[in-house]
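All remarks here apply to the structure that follows.
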Amino acid sequence: MSRAAPLTFVLRSMSLNSVSVRNIKSRSRVFPLFILGGYSKSAVICRCLGSNTYHKLCIANKIAKTRLMTKTPSSSAQLHIDTKHMDSLSRVKRVSIEGNIAVGKSTFARLLQSQNQDWEVAQEPISKWQSVESTSSQAVGSAQPTVSNLLQMMYQDPQRWSYTFQTFSCMSRMRTQLQPPPARLLYAQGTPVQVFERSVYSDRYIFALNMFELGCISAVEWAVYQDWHSFLLEQFGHRAQLEGIIYLQAPPETCMARLRKRGRGEERGVQLTYLEKLHVQHENWLVNKSTELHFEHLKQVPVLTVDASVEFERDPEVQERLITQVQTFFSGL
Ligand SMILES: Nc1ncnc2c1ncn2[C@@H]1O[C@H](COP(=O)(O)OP(=O)(O)OP(=O)(O)O)[C@@H](O)[C@H]1O
Ligand SMILES: Nc1nc(=O)c2ncn([C@H]3C[C@H](O)[C@@H](CO)O3)c2[nH]1
């Protein structure tokens, strides 16, 4: 079978359902797409090998994680994104840092960020939870936006606000986990890693579950939460999947002391019993493996348990030991 000379296209626009390309030799075409991975609007060159049967998309910049399937009007074809940039993208590992409140996740994440250019830390989006903008429905037109501290509302009246908080925290975590890696990770020499402070999984298997068990989320709210959480992850989960988890482990008493020392206003009423309960949730999920999980891949994700009770903030020797531990873990993913 003879092969026609490759035609080169440049991308004009790309949406969830179609990619519009301009043939360099003047013809324009639109390919309907079923996007199975992430994608980038910029700098895509589409090369059409032979007839309509095989198309190769070269992402010159970044993004587009796995594969795109396309059906052209005349035939079915597979669109592969498999340039060296794509290889780079699939090399980027995704890891979350999990652990009790105030165990030291942000501190640990900052340490990781300062140690290796190939690692990119995404912080927990707490500032979003502290300032939720809304407008009153009564005064349409003259309505003033109100800023509410949902974190504070949840701590002050957990029965009323826990479900609302979990919907918002989970959506904001999902957004964070769907963020493409920064370009420099694609050119990393070592193992490029996106590190997330907590995840859509701890949202469900630590906090929401805990709130349900404490009676702050009703049975109906828990059923609704689980339903949309499962659906969301079935739809987008492949783009948010983790390759590893770092569990910062410390006694609840240690976390309590650090929480008090930090003195975040919203957490003033937090009791040791709450941290003890969260500690058990972490242990059940990440150590005892007794939490019922609903995602097959999550059951296989390797967990690195780090003793976070040691003072590592100002001890370079401990820091070095931790970094080596993490480095070994990352390179094995
Ligand atoms: N290893 C450590 N030894 C002693 N103090 C620590 C250690 N790690 C963090 N701290 C201190 O404990 C407090 C809480 O740390 P940090 O904010 O990093 O916790 P976190 O786990 O990110 O909290 P959150 O659960 O609220 O996100 C801070 O005051 C920090 O300086
Ligand atoms: N209820 C509840 N659900 C969550 O998913 C969640 N994630 C974080 N937090 C609280 C812990 C710290 O106070 C503060 C910062 O981590 O926010 C949560 N609380």
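Note on R175 and H238: their simple-model spin labels are 2.5 nm apart, each label 7 Å out from Cα toward Cβ. Each of E133 and W228 was given a label point 7 Å from its Cα along the Cα-to-Cβ line. The distance between the two points is 2.1 nm. Taking only protein heavy atoms and a 1.4 Å probe, the accessible area of the stretch 92-331 is 51% carbon and sulfur.
Model label points for E317 and V280, set 7 angstrom from Cα along the Cα-to-Cβ axis, are 3.8 nm apart.
The GluC sites (Glu not before Pro) of the stretch 263-325 that meet both conditions, a loop assignment by DSSP and at most 16 other Cβ atoms within 10 Å of the site Cβ, are E292, E311, E313.
Computed over protein heavy atoms with a 1.4 Å probe, the accessible surface of the stretch 104-218 works out to 45 Å² per residue. When all alpha carbon pairs of the stretch 248-302 are counted in 10 Å bins from zero, the resulting P(r) reads 21, 42, 24, 13 %.
Using a cut-off of under 17 Å, list every residue of the stretch 300-328 whose amide N is near the label point 7 Å from the Cα of E253 along the Cα-to-beta-carbon line. Counting only backbone N, you get 308-311. Going by a ≥ b ≥ c, the root eigenvalues of the Cα gyration tensor, does the stretch 134-247 fall in the rounded group (a/c under 1.5), the prolate group (a/b larger than b/c) or the oblate group? Cα axes put the stretch 134-247 in the oblate bin. Amide H contacts for Y247 (H built 1.01 Å from N in the peptide plane; partners 5 or more residues away or on another chain; cut-off under 5 Å): E98, L304, T305, V306.
The values are calculated or read from the model by the stated rules, or taken from the named source; none is laboratory data. Note that the structure is a prediction, hence the values are computed from the model and not measured. Note that each Cβ is placed from the backbone with ideal geometry, even for glycine, and that neighbours are counted across all protein chains shown. Just so you know, the surface numbers come from the protein's heavy atoms only, side chains and all, with ligands and any DNA or RNA stripped out. Shrake-Rupley method; radii C 1.70, N 1.55, O 1.52, S 1.80 Å.
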